[in-house]
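Each reported figure results from applying straightforward, stated rules to the coordinates on display, with no laboratory input. Everything numeric in this text was worked out from a predicted model, so none of it was measured. Cβ sites come from the backbone with ideal geometry, for glycine too, and all protein chains shown count toward neighbours.
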Ligand code: GLA
């Protein structure tokens, strides 16, 4: 247990416990950095940061997963001297200080059961939990939008991924038994009831992690910017792909480089699918999610080109199975996970079907995770 390990390691009890979940996105991928809509939920897997103040201005962090302890003076931080996992925490600490927060020295213990690097936003969970712990320990108050912005900036500057705001806000704002409809432009959000009774959310990890995922992601962001420049040439009011209708995209297909047109088509059509899926959920009509999820996967595969052979294989295997309401790749892609909504009664036959298919393909069994929609980040006194 965390508090016991903290005491053993640091010789005194922890004072606060911050907890932030990973997320899975039901629908709406690569829309967030285009000021569009997303519909994620928190998974019941968390990163926990146990923390206590120190009298000196040093930060000492131990990660149970990495089995490492790193220590540095809070006002003297250089990214290069740290292993990858610490750059998220040190990055958050350094950005907090740049924004004028007066951070206390502290000891931190990190524990997590969010699968690492698997598309469930383990990094956002770590950033958010670290930001919550550091601010609480230092008596600083930040609202969710500020925490999300800061954590996203840490991801941009210290992890080198020009990500949108979905993962951080999903980790902060999610609520049990609801899906989070989020407008990434206005930051308005709605908790849509998603208390599953006859269904479950099943997450299937393709096991694939592409080394070039970060540069491929950045390339997509760039291609979207090209598309925005094209549409702004037609209408000066266009600020992002959010401002472009599907009719305009279709009418302009041949006037743009084909790749840029395809990227825009994905983003603009995906925004519509998110709205349609949200509407279905508001009616409590889970079964209607299926076609929207299928269309989303095709669009991410063909127009946005962020799927991969294994993700497509899992999706087509699931699509052929009884009891599967809908499925699609989820998150950034280039490997990572598939999210599926399946009938509770069919979960065993579906798992068996996946195992059989992996065997036929000569691949190791795909890891699966069942979840319900969980709560967002919390902080408590130990
Ligand atoms: C990653 C990013 C998010 C979002 C998704 C794709 O998870 O961190 O901001 O862009 O990819 O939807």
Practice prompt. Determine the principal axes of the Cα atoms in segment 104-256, then give the extent along each, sorted from largest to smallest and rounded to whole angstroms.
Written response: 56, 45, 34
Item to complete: Post the alpha-carbon centroid distance, segment 290-327 to segment 207-249, in whole angstrom.
Response: 22
Worksheet item: Tell me, in nm to one decimal, what length is gained between residue 69 and residue 218 on full extension, where the rule is 0.36 nm per residue of separation less the Cα-Cα distance?
Response: 50.5 nm
Worksheet entry | Fraction in percent of alpha-carbon pairs per bin - 20 Å, the chain | 29, 55, 16, 0
Response to the item:
Descending packing, highest mean Cβ count within 10 Å first, for 3-10, 152-159 is 152-159, 3-10
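Using 0.36 nm times the number of residues separating residue 8 and residue 232, minus their current alpha carbon distance, what extension gain do you get?
Working: separation 224, 0.36 × 224 = 80.64 nm, distance 5.93 nm.
Once the chain is fully extended between residue 8 and residue 232, it gains 74.7 nm.
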Practice prompt. Return the tail of the calculated pair distribution for segment 266-322, meaning the percent of Cα-Cα pairs more than 15 Å apart.
Written response: 53
Practice prompt. Between 359, 336, 91, find the one with the highest GNM mean-square fluctuation for the chain; connect C-alpha pairs within less than 10 Å.
Written response: 359
Worksheet item: Taking the Cα centre of each part, how many Å lie between segment 119-148 and segment 48-62?
Response: 15
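Would you mind ranking 223, 348, 305 so that the residue whose beta carbon has the fewest other beta carbons within 10 Å leads the list?
Ordered by Cβ neighbours within 10 Å, fewest first: 348, 305, 223.
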Item to complete: Choose one answer from 257, 40, 115: the residue with the largest mean-square fluctuation in a GNM of the chain with alpha-carbon springs under 10 Å.
Response: 257
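Between residue 58 and residue 320, what is 0.36 nm times their sequence separation minus the Cα-Cα distance? Round to one decimal in nm.
Gain in length upon complete extension: 88.8 nm.
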Discussion item. Quick check on the exposure proxy: order 304, 189 from fewest to most C-beta atoms within 10 angstrom.
Written reply: 189, 304
Worksheet item: Is segment 66-148 rounded, prolate or oblate when judged by the Cα gyration tensor, a ≥ b ≥ c being the square roots of its eigenvalues, rounded requiring a/c under 1.5 and prolate requiring a/b larger than b/c?
Response: oblate
Worksheet, complete the sentence: Of 252, 168, 275, the most mobile residue in a GNM of the chain (C-alpha springs, cutoff 10 Å) is 252
Item to complete: State the volume of the convex hull built on the alpha-carbon positions of segment 18-109, expressed per residue in Å³ and rounded to an integer.
Response: 135
Worksheet entry | Mean-position separation - Cα centroids, segment 163-206 and segment 343-369, in angstrom | 25
Fill in: Hypothetical label at residue 209: residues of segment 116-154 whose amide nitrogen lies under 11 Å (7 Å Cα-Cβ projection)
116-119
Worksheet item: If each Cα of segment 250-382 is one equal point scatterer, what is log10 of I(q)/I(0) from the Debye formula at q = 0.10, 0.11, 0.12, 0.16 Å⁻¹?
Response: -0.41, -0.49, -0.57, -0.91
Fill in: Exposure proxy ranking, count of Cβ atoms within 10 Å, fewest first, for 330, 378
378, 330
Practice prompt. With a Förster radius of 22 Å, plug the Cβ-Cβ distance of residue 288 and residue 185 into 1/(1 + (r/R0)^6) and report the FRET value to the nearest 0.05.
Written response: 0.30
